[in-house]
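Remarks on the structure that follows.
The values are calculated or read from the model by the stated rules, or taken from the named source; none is laboratory data. All values derive from a computational prediction rather than experimental measurement. Virtual Cβ from ideal backbone geometry, glycine too; neighbours counted across all protein chains shown.
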Amino acid sequence: MLWLGLAALVAFFAVPPMVALVESTVLRPGPRHVGFWALARVVAGTCHVPWGRRGSPVVRFPLPQGEGRARAVRLPGESGWVVEVRAYQTHPFGFAARISTPSRPPTRWRAPGLDVVELFPSETEHLQAASLESTDESLLRWLLRHAETRKRLDALHAEAGAEQVEVMFAGQVIALRGHAPDGWKAGEAMEHIGPALVEMLRALSADLGELALALRNVGDAALAGAVCPGCGAGTGVDPWACPGCGRLMHRGCREMLDGCAEARCRQAADALPTVDPGVTRAPAARS
Ligand SMILES: [Zn+2]
Ligand SMILES: [Zn+2]
């Protein structure tokens, strides 16, 4: 009995300092997060530690057409860190697409109707090493007709210094992924790959803000009704009801985004503990 009492006493005094020790070494911004803070400074954003849903600090920064977030992720089947920056656009642009440099086979999980797009001979001045897919070829071509954007997309792979660069458009989210070389630490990847991705994201956010405005002006019906926020098409095929905000999305679109497409939904891949959990209606519907 005495032993039990002693053990309880020891636990009483020893456990809180141990918890504090674990918190200070694991949950606080330490040297290994310096790269995240550096990126936050460069992009005039804030760094949130802890944590997104997957255990990376999240850098938040303003965009003229929405909210930007950056974090480091590990993708299934890949050994290195991936820097991912996202724009949650204020207004949906109504299609899904993916541009990978160097070119890659299509993803297993995809928005319905996401098909390979070949560049016209007149367009091959840029993006020759890239593979393109889109649910709406004409909207992707609209974007690529901006010579400046095409040129920047082409230069992004080299500028970011990443092994692989992926640009994903998903209804109202733009996600850029830079795959760091093996052996790089997460913070190092953020600091070196992050700035080029954020700069590209800003340009794409402005372009797609312009497209969203044009679509609203022509009264695109697809933007009004019950459409998937990940691709802008009707949700009849293989729907998934988000447990966070109740919105319907295609299962494939959810997998592409690794979560919900709503910035303020706790099911978003880079949701922060501080985001409003009580989102009940999509921002798109409020305009
Ligand atoms: Zn969809
Ligand atoms: Zn949601």
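Here is how the numbers come out for the structure above:
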item: Which listed residue is at pLDDT below 90 and more than 19 Å from the chain's Cα centre (by Cα), from GLY52, GLY30; result: GLY30
item: When residues of segment 229-247 are limited to those that are away from ligand 2 (no atom under 12 Å from the Cβ) and not small (Gly, Ala, Ser), the one nearest to THR135 (Cα to Cα); result: CYS231
item: Residue match in segment 94-117 (condition: touching a Lys or Arg at 6+ places or on another chain (Cβ under 6 Å) and in a loop (DSSP other than H, G, I, E, B)); result: no
item: Hey, ALA111 farther than 19 Å from LEU211 by Cα, out of contact with any Cys (no Cβ under 7 Å at 6 or more places or on another chain) and small (Gly, Ala, Ser) or not; result: no
item: Breaking point among (1) over 18 Å from ALA261 (Cβ atoms); (2) in contact (Cβ under 8 Å) with a residue 40 or more places away in the chain; (3) surrounded by fewer than 22 Cβ atoms within 10 Å (Cβ to Cβ), for LEU139; result: (1)
item: Residues within segment 67-93 that are on the phi < 0 side of the Ramachandran plot and assigned to a loop (DSSP other than H, G, I, E, B), tallied; result: 11
item: Answer residue from segment 119-135, given it is surrounded by 18 or more Cβ atoms within 10 Å (Cβ to Cβ) and either more than 16 Å from ligand 1 (Cβ to nearest atom) or acidic (Asp, Glu) (or both) and is nearest to VAL165 (Cα to Cα) among those; result: ALA130
item: Neighbours by Cβ (under 6 Å, 6+ apart or cross-chain): first from segment 249-265, touching a residue at least 60 places away in the same chain (Cβ under 8 Å); second within 8 Å of ligand 1 (Cβ to nearest atom) and β-branched (Val, Ile, Thr); result: none
item: From the options ALA221, ALA233, ALA212, residue that is of a type in the set (Gly, Ala, Ser), modelled with pLDDT under 95 and within 23 Å of LEU63 (Cβ to Cβ); result: ALA212
item: Members of segment 255-272 found to be more than 15 Å from ligand 1 (Cβ to nearest atom) and either at positive phi or hydroxyl-bearing (Ser, Thr, Tyr) (or both), listed by number; result: none
item: Residues satisfying the stated conditions in segment 118-140, i.e. at pLDDT 85 or above and outside any strand (DSSP E or B); result: GLU118, LEU127, GLN128, ALA129, ALA130, THR135, ASP136, GLU137, SER138, LEU139, LEU140
item: Breaking point among (1) within 16 Å of ligand 1 (Cβ to nearest atom); (2) more than 18 Å from LEU201 (Cα to Cα); (3) buried (at least 16 other Cβ atoms within 10 Å of the Cβ), for GLY80; result: (1)
item: All positions within segment 162-187 that are aromatic (Phe, Trp, Tyr) and crowded, with 24+ Cβ neighbours inside 10 Å; result: PHE169
item: Test set (1) more than 16 Å from ligand 1 (Cβ to nearest atom); (2) in a strand (DSSP E or B); (3) buried (at least 24 other Cβ atoms within 10 Å of the Cβ) - MET190 fails condition number; result: (2)
